[in-house]
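Undergrad: My structure is below; once you've seen it, I'll send some questions.
The values are calculated or read from the model by the stated rules, or taken from the named source; none is laboratory data. In this text, all values refer to a predicted model and were calculated from it rather than measured experimentally. No Cβ is skipped: glycine too gets one built from the backbone with ideal geometry, and neighbour counts run over all protein chains shown.
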Amino acid sequence: MNRSMTDNLMIVIPLKVTRRHDMFPPLNQYIQQNSTSHSSTVRQDLKRLSSIRNCIASNICKHYAHKSAIDDNVLRDCQEYHAMLMECERIGLPIKEDLGMSDLEISWECAFQRNGQLMIRSNIRHERICVLFNIAALESYLGSIQDLNSKQGLAKAVQKYNIAAGIVHLIRTQLLPKDPYPSLDLTPSCLAMCESILLAQAQACVYDMARSTSIKPLPSLLAKLAMGAAEYYGEAVLHANDRMIQSQMEDYRITLTKLKLQSACFRALSEFHESIKNRQEREFGNEIARLTLTEQLCLDGLKIGKSEHLEVLKRVCKERNEVAKKDNSEIYRALVPNSR
């Protein structure tokens with residue numbers, strides 16, 4: 001069990017795709033009509049804002065165009081664009097649908113649907129939410145491309161996943177508007193699912209970091225870290241059971257299977273590390289019970305789908321359990337509690 005538990009298993013949050021749109025005329029007109037501080041500087045800022053947005057729209061043309069977007073500095077552009085949108089909010093541009101901004105009509109595609117209905121909104125807050133979503137998606141991609149077999153790579157991945165999770169949490173808890181017809185990716189359930197996925201992947205990387213240290217960590221610590229990842233993956237599965245997600249999300253079954261497998265794998269790992277703790281503390285009956293439970297958890301997980309990690313863990317547990325049972329029957333004769 002020395003291979004990374006996270007390598008090749010990371011889920012990348014897809015990108016929201018938008019079209020080019022000249023934002024300068026409607027924004028300029030709105031400020032002229034509603035602001036006493038209109039100036040040539042503001043006009044130049046609005047032109048810059050519109051230009052950056054069109055660069056972003058041109059470079060994010062597919063839901064999984066993360067690599068090309070990063071290569072074209074789209075993350076930097078999104079961050080600058082978001083800062084400018086916050087300034088637009090500060091100077092009074094509307095954050096709700098407003099008749100004075102009806103010419104804005106900015107369209108975005110849902111990140112989790114292909115060729116779905118375009119969501120057209122006419123306010124700065126919705127635009128800001130969509131940009132933040134893409135920043136989180138790009139951060140999730142940066143987390144996934146780190147060297148997850150090195151301590152430095154794992155630490156960087158943890159940082160990226162936590163940044164992405166924090167952004168999604170901000171959208172879900174503070175910015176999400178009451179929209180009667182939201183796109184799937186901006187529903188509370190879908191955002192909660194994304195947040196749990198990102199936190200689970202960060203926790204999985206922390207587990208790998210702890211396991212790869214030169215000083216052998218306590219089995220109890222590894223058990224807690226593994227259980228933390230299992231619980232986050234389990235929460236993501238619960239959120240994914242939302243009916244709207246089930247009916248509309250592209251690749252739903254593939255994503256759900258991956259989440260269930262990871263939850264099962266880390267839960268089994270937690271029990272396996274607890275069995276090592278039992279052996280170290282000479283609790284031989286408890287060790288056998290834990291190993292038996294771990295084997296069963298591996299079998300349950302393998303019913304969900306193929307997993308090399310579960311296969312290896314099942315084999316290790318079976319071999320260790322046979323030795324433990326033999327030693328217990330011949331030497332220790334400890335009472336073995338029910339493993340369920």
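Undergrad: For segment 11-51, which positions are in contact with a Phe, Trp or Tyr (Cβ under 9 Å, 6 or more places away or on another chain) and at pLDDT below 90?
TA: Answer for segment 11-51, where residues must be in contact with a Phe, Trp or Tyr (Cβ under 9 Å, 6 or more places away or on another chain) and at pLDDT below 90: just 43.
Undergrad: Would you mind finding the one in 292, 257 that is crowded, with 18+ Cβ neighbours inside 10 Å, assigned to a helix (DSSP H, G or I) and out of contact with any strand residue (DSSP E or B) (no Cβ under 6 Å at 6 or more places or on another chain)?
TA: 292
Undergrad: Can you spot a residue in segment 141-153 that is of a type in the set (S, T, N, Q) and within 24 Å of residue 65 (Cβ to Cβ)?
TA: Yes; the residues of segment 141-153 include at least one that is of a type in the set (S, T, N, Q) and within 24 Å of residue 65 (Cβ to Cβ).
Undergrad: Residues of segment 77-108 being out of contact with any helix residue (DSSP H, G or I) (no Cβ under 9 Å at 6 or more places or on another chain) and either part of a loop (DSSP other than H, G, I, E, B) or without any contact (Cβ under 8 Å) to a residue 24 or more places away in the chain (or both), which ones?
TA: Residues satisfying the conditions are 83, 90, 99.
Undergrad: Something else now. Would you please list the contacts, defined by Cβ atoms under 6 Å and residues six or more apart or on different chains, that run from a residue in segment 200-229 that is among the aromatic types (Phe, Trp, Tyr) to a residue that is modelled with pLDDT of 95 or more and part of a helix (DSSP H, G or I)?
TA: 207/225; 207/226; 207/229
Undergrad: Among the listed residues 131, 158, identify the single one that is in a helix (DSSP H, G or I), crowded, with 19+ Cβ neighbours inside 10 Å, in contact with a Gly (Cβ under 9 Å, 6 or more places away or on another chain) and of a type in the set (Val, Ile, Thr).
TA: Exactly one of 131, 158 is in a helix (DSSP H, G or I), crowded, with 19+ Cβ neighbours inside 10 Å, in contact with a Gly (Cβ under 9 Å, 6 or more places away or on another chain) and of a type in the set (Val, Ile, Thr), namely 158.
To keep it simple, each residue is scored yes or no on (1) assigned to a helix (DSSP H, G or I); (2) closer than 30 Å to residue 113 by Cα.
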{"site": "174", "(1), (2)": "yes, yes"}
{"site": "182", "(1), (2)": "no, yes"}
{"site": "191", "(1), (2)": "yes, yes"}
{"site": "197", "(1), (2)": "yes, yes"}
{"site": "200", "(1), (2)": "yes, yes"}
{"site": "203", "(1), (2)": "yes, yes"}
{"site": "220", "(1), (2)": "yes, no"}
{"site": "226", "(1), (2)": "yes, no"}
{"site": "229", "(1), (2)": "yes, yes"}
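Undergrad: In segment 231-254, how many are outside any helix (DSSP H, G or I) and surrounded by 20 or more Cβ atoms within 10 Å (Cβ to Cβ)?
TA: Qualifying residue count for the region: 1.
Undergrad: Which number in (1) out of contact with any helix residue (DSSP H, G or I) (no Cβ under 9 Å at 6 or more places or on another chain); (2) without any contact (Cβ under 8 Å) to a residue 60 or more places away in the chain marks the one condition that residue 114 misses?
TA: Going through the list (1) out of contact with any helix residue (DSSP H, G or I) (no Cβ under 9 Å at 6 or more places or on another chain); (2) without any contact (Cβ under 8 Å) to a residue 60 or more places away in the chain, residue 114 breaks only (2).
Undergrad: Here is a list: 157, 136, 192. Which entry is under 24 Å from residue 53 (Cα atoms) and of a type in the set (Gly, Ala, Ser)?
TA: The match here is 136.
Undergrad: Among the listed residues 2, 59, 54, 8, which satisfies the condition of being within 25 Å of the chain's Cα centre (by Cα), at pLDDT 95 or above and either surrounded by fewer than 18 Cβ atoms within 10 Å (Cβ to Cβ) or not β-branched (Val, Ile, Thr) (or both)?
TA: Just a single option satisfies the conditions, and that option is 59.
Undergrad: Is there any pair with a first residue in segment 169-181 that is in the same structural domain as residue 120 (by TED's automatic domain parsing) and a second that is part of a helix (DSSP H, G or I) and surrounded by fewer than 17 Cβ atoms within 10 Å (Cβ to Cβ) whose Cβ atoms are under 7 Å apart and which are 6 or more apart or on different chains, and what are they?
TA: Short answer, once both residue conditions are applied: 172/188; 176/188.
Undergrad: Okay, next question. Being closer than 18 Å to residue 266 by Cα, surrounded by fewer than 19 Cβ atoms within 10 Å (Cβ to Cβ) and either aromatic (Phe, Trp, Tyr) or at pLDDT below 95 (or both) narrows it down to one residue among 212, 220; which is it?
TA: Of 212, 220, the one residue that is closer than 18 Å to residue 266 by Cα, surrounded by fewer than 19 Cβ atoms within 10 Å (Cβ to Cβ) and either aromatic (Phe, Trp, Tyr) or at pLDDT below 95 (or both) is 212.
Undergrad: Quick check on segment 302-319. Is at least one of its residues in contact with a helix residue (DSSP H, G or I) (Cβ under 7 Å, 6 or more places away or on another chain), within 18 Å of residue 224 (Cα to Cα) and either hydrophobic (A, V, I, L, M, F, W, C) or modelled with pLDDT of 95 or more (or both)?
TA: Within segment 302-319 (the criterion being in contact with a helix residue (DSSP H, G or I) (Cβ under 7 Å, 6 or more places away or on another chain), within 18 Å of residue 224 (Cα to Cα) and either hydrophobic (A, V, I, L, M, F, W, C) or modelled with pLDDT of 95 or more (or both)), the answer is yes, since at least one residue qualifies.
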